[in-house]
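For reference, the structure discussed in these notes is given below.
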Amino acid sequence: MANLEATEINPLYRRYQYQLMLTLRALLKNPPGQVTITEDAIERIHFKSMGISPWQPGLLAARFEYLMLTNQKVKAKKIMERLKETARLQKATKEVENIWRSQCDNYC
């Protein structure tokens, strides 16, 4: 993955680290079976991305979407609550709340 290589070549350039998680978010929206990403790769991307800014709403939203896709709803709910506390007016927070409502509102 070119974005991962860019972070290894330029480890202090935050833009590349931020882009990693956003690229993962885009890849996860592909139909099942079209793109294969290992659990280890996803965790590695998450770790590198969150290293630049653990409170970045866009990064947290991307992590939330991944957790929802993999049925890790307890962890996803914690991220949603964190976003609601720290970034209430951000677009990413509203997206996360809408995903939660559409998939979990009454039974999660």
HN-Hα J couplings of region 38-55 from phi, Karplus 6.51/-1.76/1.60, θ = phi - 60°, integer Hz, Gly and Pro as x? 6, 4, 4, 5, 5, 5, 5, 5, 4, 4, 5, 5, 6, x, 7, 6, x, 10
With a cap of 15 neighbouring Cβ atoms within 10 Å, and only residues DSSP puts in a loop, list the trypsin sites (Lys or Arg not before Pro) found in region 52-108. ARG88
The list [x] 117; [y] 100; [z] 161 gives values of volume of the Cα convex hull per residue in Å³, and only one came from this structure; which label was calculated from it? [y]
The chain: relative contact order as a whole-number percent, Cα under 8 Å and 6+ apart: 21
Kindly express, to the nearest 10 degrees and within the range 0 to 90, the angle between helix 73-86's C-alpha long axis and the longest C-alpha principal axis of the chain. 90
What are the chymotrypsin sites (Phe, Trp or Tyr not before Pro) within the chain that DSSP puts in a loop, where the Cβ has at most 10 other Cβ atoms within 10 Å? TYR107
If the chain between ASN98 and TRP55 were fully extended at 0.36 nm per residue, the gain over the current Cα-Cα distance would be 13.5 nm
Using the crude model of +1 on Lys and Arg Cβ and -1 on Asp and Glu Cβ, and no other charge, please compute the dipole size for the chain relative to its Cα centre, in debye to 20. 380
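Quick note: the coordinates plus some simple rules give every number you see, no bench work behind them. Quick caveat, the model's predicted, so the values are computed rather than measured. FYI the Cβ positions are ideal-geometry reconstructions off the backbone, even for glycines, and counts take in every protein chain you see.
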